[in-house]
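Presented below is the structure to which this report refers.
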Amino acid sequence: MKILCVTGKYAYGRASRGLGYEYVNFPPALRNLGFEVEIFDNLDRDGYSGFAELNRDLLVKALSYSPDIILFVLMHYEVWTETLDILRLDLNAALIHWATDDSWKYRQCSRYLAPHFDIHATTSHGAVAASQRDGLRNVVQTQWAANASALQEPLAAEQCRYSVTFIGTNYGNRAGWIGALRARGVEVTCFGHGWPGGTVPTERIPEIIRSSVVSLNFGDSGVVWNDWIPARSRQIKARVFEVPGCGGFLLTEPAEDLDRYFAIGREVDTFASLDELVGKIKNYLDHPGMRNEIAAAGHLRVRREHTYEKRFKELIDQARMLRQRRTTRLHASAPNAGVLPAFENIARSHRVTPALRLLRYLLLLPCIAVWGRQRGARAARSILFELSWRLVGAKTYSARGWPGRLFFRES
């Protein structure tokens, strides 16, 4: 069975941010399950002049490779809903979407994309409930996991190089947490984009985790907007499984459903306030035996239940069944030569008219004046996106969507 994995090679499409998490972890797990896997980079902007070229290349890749299943990890509107429909209905591939950040992206994104997939796999229990209210029947609960190839037995605390570490991008309230800990006498060594040490190579992360007495995780995804009202989003992160899987000891913010995956206080531990965090860090540093027991138990739980091989086997078994039903019902034949000409008709609706160029200029001008070129361009794109999904909904993710037509690149 052939699987095409549509995911970014680099985090957020930027080589400076290092290899993308899904790019590093998903294809190896699929190959471990015995599947033939190829990758299409949906976050590459350097190789294309616009999303029409990217979508065309994806179709050409699918036509030549003939995948049975296509696994997507989408960021925004880079793959059009029309392209998804061609892949699923004309080329008869089973489409799975691994949705990230649905604790806050479901309302603005996933509810519009999900109808175009056979399976929309989300890590958010709240998104599953919302999808049922919206009448969507293909949204299933899954969860992040650990890379089986990176599983290592924990080191004893006495053998660790670092006392307390945090690995992740510096955004949201993370700098506040780290600063407050240091003010209370707890030194934290930080790795990742936005910290003084910069991005850490992906291959070093397991070693850092295993060599830390305490690995911190913050579940806050930053400020999100619900009906123009700012709110904070907290969710289970991949690091929750990666840390115990790599042989580390995890101390994390609580998140919805965390106790479904780990026994709190016995396999991982949590904190809900600065005082609690400081107290627990000092306690585990002073009592390494307790720390070692929890690290060992968490590692065994991950090894037993929380690897990507286990997650993907369930999803792929479902996708196979759905594809077989569709093939039988539609009596599908081999892809025909009409696919690309049909796509070209769709791509014509993606052209940027003079009126849209004027709109882009009018959006950019005040934003750049206030925030500078880079941040201003990002702000202009965000403003248009927020207006688009609220006003025209699903059209935002189609070839006709204005955000994709005006902001292939932010600057």
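The values are calculated or read from the model by the stated rules, or taken from the named source; none is laboratory data. Here the structure is a predicted model, which is why all the values come from computation and not from measurement. Cβ placement follows ideal geometry from the backbone for every residue including glycine, while neighbour counts extend to all protein chains displayed. To get the accessible areas, we keep the full protein, side chains included, count just its heavy atoms, and leave off ligands, DNA and RNA. Shrake-Rupley method; radii C 1.70, N 1.55, O 1.52, S 1.80 Å.
General remarks:
- Principal-axis tilt of helix 354-371 within the chain, Cα atoms, nearest 10 degrees: 20
- For the chain, the convex hull drawn through the C-alpha positions has a volume of 143 cubic angstrom per residue.
- Cα long-axis angle, helix 21-32 against the chain (0 to 90 degrees, to the nearest 10): 80
- Sorted from longest to shortest, the spans of the Cα atoms of the stretch 69-111 along the three principal axes equal 32, 17, 15 Å.
- One quarter of the surface of the convex hull around the alpha-carbon atoms of the stretch 1-110 equals 7.1 nm², the direction-averaged projected area.
- Remark: the stretch 210-217, residue by residue, has Karplus-estimated 3J(HN,Hα) of 5, 8, 10, 5, 10, 10, 8, 9 Hz, where x stands for each Gly or Pro and the curve is 6.51 cos²θ - 1.76 cosθ + 1.60 at θ = phi - 60°.
- Amide H contacts of T307: A146, each under 5 Å away and 5 or more positions distant or on a separate chain (H built 1.01 Å from N in the peptide plane; Pro and chain starts excluded).
- Portion, in percent, of the accessible area of the chain that falls on carbon or sulfur, probe 1.4 Å: 53
- Peptide ranges 366-374, 302-310, 58-66 listed from the most packed, as the mean C-beta count within 10 angstrom indicates: 302-310, 58-66, 366-374
- Under 5 Å between amide hydrogens, built in the peptide plane, is the criterion, and for V6 it picks out F40, L71, F72, V73 among residues at least 5 positions away or on other chains.
- Only helices enter the 222 nm calculation for the chain: every DSSP H run of n ≥ 4 contributes -39,500 (n - 2.57), and dividing by all residues gives -13000 deg cm²/dmol, rounded to 500.
- Pairwise Cα inverse-distance average, inverted: Kirkwood Rh of the stretch 1-60 (Å): 12.2
- Highest average packing first - 375-385, 103-113, 278-288, Cβ atoms within 10 Å: 103-113, 375-385, 278-288
- DSSP beta bridges confined to the chain are antiparallel in about 15 percent of cases.
- Spin-label pair R325/T189, simplified geometry with 7 Å Cα→Cβ offset, distance in nm: 5.2
- Options P206, A399, W98, ranked by Cα towards positive dipole end of the chain, top entry (Cβ charges): A399
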